[in-house]
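Novice: My structure is below; once you've seen it, I'll send some questions.
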Amino acid sequence: MQEHDVIIIGGGPGGLSTALHLVRDFPDFLPRILILEKAHYPRPKLCAGGLVIDAEIILQRLGLDVSEVPHVDADNIHFDFEARGLKISIPHRHALRVIRRDEFDNWLAGKAKGRGIEIREGVKVKKITPEADNVRIETDQETFCARVVVGADGSNGVTRRSVFPNALVHTARALEVLTPTTPKAIGSGRRREGAYFDFFPVHTNIAGYVWNFPTQLHGEPMRCWGIYDTNMLANEKRPQLKAPLASEMARFGYNLEDYEIKGHPIRWFSPQNQMSVPRVLLVGDAAGADPFLGEGISIALGYGALAALEIGEAFQQNEFSFNGYRNRVLRSALGQVLIARWFIAHVVYPLKWKWFQILVWRILKPIVVLIAWIFVLNWGKRMPSTP
Ligand SMILES: Cc1cc2nc3c(=O)[nH]c(=O)nc-3n(C[C@H](O)[C@H](O)[C@H](O)COP(=O)(O)OP(=O)(O)OC[C@H]3O[C@@H](n4cnc5c(N)ncnc54)[C@H](O)[C@@H]3O)c2cc1C
C-alpha cells in the first residue's frame, strides 16, 4: 500500500489550487502530495468557462498568468429580464474572461507538474475510509493510504459520498450548448463582447437564468448557451429546462434541436454544508459552489487557498480533526461571498413574480450594481495570501 501525507482526489481547479497553495505556503510539502485524477489531461469538463476577476487574482497570487490559456474576453456582463436590464463593466479591463475547461485545467495541471507536484492520471478512486491514524483510498488500480485526504472530486464526488453518505445535498441542474457564431448572434460593434444572463425563466419556477457567452473552440469564435436552475423552486414536478433555452436561442436565430445538449449537476453551497471529518477536507463543488449563479471556478480556487492553510497548520500541530475548517471557510472572504450569494439566491428566486424581476434587473440598477460589486465580486484580494 502506497503511503503519502496528503492525497488530493480530483485534479480540477479545486484540487490543483489546493496543491499549488500548499507548496507555495509550506514548501516542504512538495514531495509529500499526490493528486489522483481519474481522467487524462486535457480532459473534457462541461462548463461555460466564465472566469470572474477573482479567479484571475487568485491565480496571479500563485504567480500564474491565465492569459496564457486561449480565451475570449467579454467587455461587459448583462443581467437582464426579458432582454433588458443592467450592464456591468470594469474600467480598463474585461468583465469576464472565457476559457475552455479542457485547455484551462490542462494548463493549470501543467503548472502544478512544473512545480514538482505529482499527478497520477487515469486513477479512479472508488472508496475512502477514514481510520484512526490515516485514510484508506481504494482505487481501480491500487490502494493508497494518506494522513490527510482532500476531496476535490466535484459535484458527484466519491469523497463526499463516502464521508457524508446521508447528508442533505443541494444540487442545481445545468444544460449547455455550443454553437458557431453568426452575425445575428453576435450583433454588431461592442455587443459582440457581451456576456448575457437573462432571468426570464424565474417566473416559470426555474430558479436560475439562461446564459449566452462568447467563447472559442480551437481558435474559432463560438457562442456558449446554457440554462441554470438551483432547483430551489422545484416541487416534485421539475420544470423542463429545454423550452426556455430553446426560446432564448430562437431569438438569435438558432434552433436548439440542431445542436448537442449536455447536462451536469452543480452542488451548491449552503451555510449548513458539512465540509470535513477528521483527516478529510472537501474543496470546490464537493464543498459547495455559488448557489446564485452556479459560478464555481474562482470559488474552487479560493477553497484551495483555505484548505492549504488548514492542512499546513494541522501538520504543524499534529492535530487532524479539522474541526475549525468550516468556520475558517465561513469567516473568510470566500465564505462571506458564498453566504451573501446564498442569501441573494433565497431572495431573488423565490420572489419570482415578473414585477419583482423587472424591479431588480431594470429599475434598481445602481443598488444592484453596488451589491454585486461588494458582495458578488472582489473577494479574491481579501483572501489570505501566505500564512
Ligand atoms: C454547465 C455548466 C456550466 C458552468 N459554467 C461555469 C462558468 O461559466 N464559470 C464558473 O466559474 N463555473 C461554472 N460552472 C461550475 C464549474 O464548472 C465548477 O464549479 C468547477 O468545475 C468546480 O471545480 P472542482 O475542482 O471543484 O471540480 P471539477 O472541475 O468537477 O473537478 C473534479 C475533478 O475530479 C476528478 N474526479 C472525479 N471523480 C473522481 C474519482 N473518483 N477519482 C479521481 N478523480 C476524480 C474529475 O475528473 C475532475 O478532474 C459550470 C458548471 C456547469 C455544469
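The values are calculated or read from the model by the stated rules, or taken from the named source; none is laboratory data. Just so it is clear, the structure is predicted and the values come from calculations on it, not from any experiment. Virtual Cβ from ideal backbone geometry, glycine too; neighbours counted across all protein chains shown. Side chains are part of the model used for accessible areas, which takes the heavy atoms of the whole protein and leaves out ligands, DNA and RNA. Shrake-Rupley method; radii C 1.70, N 1.55, O 1.52, S 1.80 Å.
Novice: Assign unit charges at the C-beta atoms only (+1 for Lys and Arg, -1 for Asp and Glu), then state the dipole size of the chain relative to its Cα centre in Debye, rounded to the nearest 20.
Specialist: In total the dipole reaches around 980 debye.
Novice: Given the chain, what percent of its DSSP beta bridges are antiparallel, to the nearest 5?
Specialist: Around 70 percent of the beta bridges assigned by DSSP in the chain are antiparallel ones.
Novice: Further question: Have a look at 86, 58, 2 and report the one farthest towards the positive end of the charge dipole of the stretch 1-89, computed about the Cα centre with Cβ charges (Lys/Arg +1, Asp/Glu -1).
Specialist: The one lying farthest along the dipole's positive direction is 2.
Novice: Quick one: P(r) of the stretch 244-359 from all Cα-Cα pairs, 5 Å bins, percents rounded to integers, in order of increasing distance.
Specialist: Calculated over all Cα pairs of the stretch 244-359, the distribution is 2, 10, 17, 16, 13, 13, 10, 7, 5, 3, 2, 1, 0 percent.
Novice: I would also like to ask the following. Among 172, 158, 253, which residue has its Cα positioned farthest towards the positive end of the charge dipole of the chain, with +1 placed on the Cβ of Lys and Arg, -1 on the Cβ of Asp and Glu, and the dipole taken about the Cα centre?
Specialist: 253
Novice: A follow-up question, please. Specify which residue in the list 137, 114, 148 is farthest towards the positive end of the charge dipole of the stretch 86-154, using unit charges on the beta carbon of Lys, Arg (+1) and Asp, Glu (-1), about the Cα centre.
Specialist: Toward the positive end, the furthest listed residue is 114.
Novice: Whole number in Å², please: accessible area per residue of the stretch 229-387, 1.4 Å probe, ligands, DNA and RNA not counted.
Specialist: Computed with neighbouring chains in place, this is 44 Å² per residue.
Novice: Measure out, as a whole number of angstrom, how far apart the alpha-carbon centroids of the stretch 329-387 and the stretch 115-131 sit.
Specialist: So the two Cα centres are separated by 35 Å.
Novice: Helix 333-348 against the longest principal axis of the chain: what's the angle in degrees, Cα atoms only, rounded to the nearest 10?
Specialist: Roughly 40 degrees, rounded to the nearest 10.
Novice: What is the distance in Å between the Cα centroid of the stretch 23-70 and that of the stretch 225-286?
Specialist: 23 Å
Novice: Further, regarding this structure: On a 0 to 90° scale, report how tilted helix 242-251 is relative to the longest principal axis of the chain, with both axes built from alpha carbons and the result rounded to the nearest 10.
Specialist: Helix 242-251 and the main axis of the chain meet at about 50 degrees.
Novice: Tell me the carbon and sulfur percent of the accessible area for the chain, rounded to whole percent, probe radius 1.4 Å.
Specialist: On the way: 8480 of 15850 Å².
Taking all protein chains in place, the chain shows 54 percent carbon and sulfur surface.
Novice: Taking residue 262 as the anchor, which aspartates and glutamates have their alpha carbon closer than 12 Å to its alpha carbon, excluding any fewer than eight residues away along the same chain?
Specialist: The qualifying aspartates and glutamates are 176.
Novice: Next up: Rounded to the nearest 10 degrees, what's the angle between the helix 13-25 long axis and the longest principal axis of the chain, both from Cα atoms, 0 to 90?
Specialist: 50 degrees
Novice: Another question about this same structure. In Å², what does the accessible area per residue of the stretch 87-187 work out to with a 1.4 Å probe?
Specialist: For the stretch 87-187, the solvent-accessible area averages 44 Å² per residue.
Novice: For the chain, compute the orientation-averaged projected area of the C-alpha convex hull (one quarter of its surface), in nm².
Specialist: Projected area, direction-averaged: 18.3 nm².
Novice: In nm², what is the average projected area of the convex hull enclosing the Cα atoms of the stretch 68-122? It would help to have the intermediate numbers written out before the result.
Specialist: Details: hull surface 24.8 nm².
It is 6.2 nm².
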